[in-house]
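Colleague: Here you go, one structure.
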Amino acid sequence: EEGSRQRIKALQRQLLDIRKEKTLELQRREEMTAHLKDQLQEIKAKTGLERKYVKSSAELLVYQGQKINTHSEKQLEEEIRLLQERLEEERRVHMETETFLKKHQTSLDEKLEVWMERYERDMEDKQQELNSLRNKKANNLSQLQELAKKYRDIEQVVIEDRMEKEALRRKLEKEHMERDAATKIQSWWRGTLVRRGLGPYKKGKKPKSKEGKKGKKKK
């Protein structure tokens, strides 16, 4: 019995300890639950705020996107309008250019026909002129050959005449030089005779010397 009592007391103490532990654990869990509830409330509040922010941001982005899209659409519509106007202008200019080119082509075709006819006529005339020039060239060539032959003959005559004149000139120069040499020799010989008193210039024969002097004066 004593052992049973002690065991009962021990069990009672253990039970009290367990109750205390459970009570403390329950309190901790209640505190944790209250804390988690507070966190949950805070999270809900934050989530609500975030949802409101996200919603307002999304609405703002949607508004901005719509505004940008509207502006882009207006710009695109304006560009489309300008492009259409340019396209119409280019079509008009193309039509006018095509009409002008067709008229110009027709005029050029007519002028081309006229020029082709004129070209054929001119070619015929030029061919005739060319044939005439060829004939004249052949005639002129024959005349030129005859003139060249005459020129060679005349040139030969002129060369021979020059050679004869040159020979005559040399002959005359030689004769002139011979006369000059003879005159100089005669003068020298006469001077020698006079200085030495020889021949007709002897000192004993004065009359002859006077006659010689008179003859020199007459000469």
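Colleague: How much accessible surface does Lys22 have with a 1.4 Å probe, in Å² rounded to 10?
Modeller: The accessible area of Lys22 comes to roughly 120 Å².
Colleague: Can you grab the distance from the C-alpha centre of segment 1-52 to the C-alpha centre of segment 122-138, Å, no decimals?
Modeller: With segment 1-52 and segment 122-138 each reduced to a Cα centre, they are spaced 137 Å.
Colleague: From the square roots a ≥ b ≥ c of the eigenvalues of the alpha-carbon gyration tensor of segment 53-205, which class results: rounded (a/c under 1.5), prolate (a/b over b/c), or oblate? Numbers along the way, then the final one.
Modeller: Numbers: a/c = 11.63, a/b = 2.96, b/c = 3.93.
Because a/c hits 1.5 or more and a/b fails to exceed b/c, segment 53-205 counts as oblate.
Colleague: Mean residue ellipticity at 222 nm from the helices of the chain, using -39,500 (n - 2.57) per DSSP H segment of n ≥ 4 over the full residue count, to the nearest 500 deg cm²/dmol? If you can, show how the numbers build up before the last one.
Modeller: On the way: 2 runs with 208 residues, N = 219.
Mean residue ellipticity at 222 nm (helix-derived): -36500 deg cm²/dmol.
Colleague: Mind checking the full-extension length gain between Leu172 and Leu16? Use 0.36 nm per residue of separation minus the Cα-Cα distance, one decimal, nm.
Modeller: Result: 37.7 nm gained on full extension.
Colleague: Using a 1.4 Å probe on the protein heavy atoms, what percent of the accessible area of the chain belongs to carbon and sulfur?
Modeller: C and S atoms contribute 57 percent here.
Colleague: Taking square-rooted eigenvalues a ≥ b ≥ c of the alpha carbon gyration tensor, is segment 44-127 rounded, prolate or oblate, where a/c under 1.5 means rounded and, failing that, a/b exceeding b/c means prolate?
Modeller: Numbers: a/c = 16.38, a/b = 6.36, b/c = 2.58.
The shape class here is prolate.
Colleague: Also, quick follow-up: How much accessible area does Lys20 have with a 1.4 Å probe, in Å² rounded to the nearest 10?
Modeller: So the heavy atoms of Lys20 present about 130 Å² to solvent.
Colleague: On C-alpha positions alone, give me the angle between the axis of helix 206-218 and the longest principal axis of the chain, in degrees, nearest 10.
Modeller: Here the helix axis deviates by roughly 50 degrees.
Colleague: Further, regarding this structure: Tell me, in nm to one decimal, what length is gained between Ile8 and Ala34 on full extension, where the rule is 0.36 nm per residue of separation less the Cα-Cα distance? Intermediate results must be reported in sequence, preceding the final value.
Modeller: Working: separation 26, 0.36 × 26 = 9.36 nm, distance 3.74 nm.
Computed gain between Ile8 and Ala34 is 5.6 nm.
Colleague: Given Asn69, Ile80, Val114, which one lies farthest toward the positive end of the charge dipole of segment 50-130, if we put +1 on the Cβ of every Lys and Arg and -1 on the Cβ of every Asp and Glu?
Modeller: It is Asn69.
Colleague: Using a probe radius of 1.4 Å on heavy atoms only, what accessible surface per residue do you get for the chain? Whole Å² is fine.
Modeller: For the chain, the solvent-accessible area averages 98 Å² per residue.
The values are calculated or read from the model by the stated rules, or taken from the named source; none is laboratory data. Since the model is a prediction, treat every value here as computed from it, not as a measurement. Neighbour counts run over all protein chains shown; Cβ positions are idealised from the backbone, glycine included. Heavy atoms of the whole protein, side chains included, go into the accessibility calculation; ligands, DNA and RNA do not. Shrake-Rupley method; radii C 1.70, N 1.55, O 1.52, S 1.80 Å.
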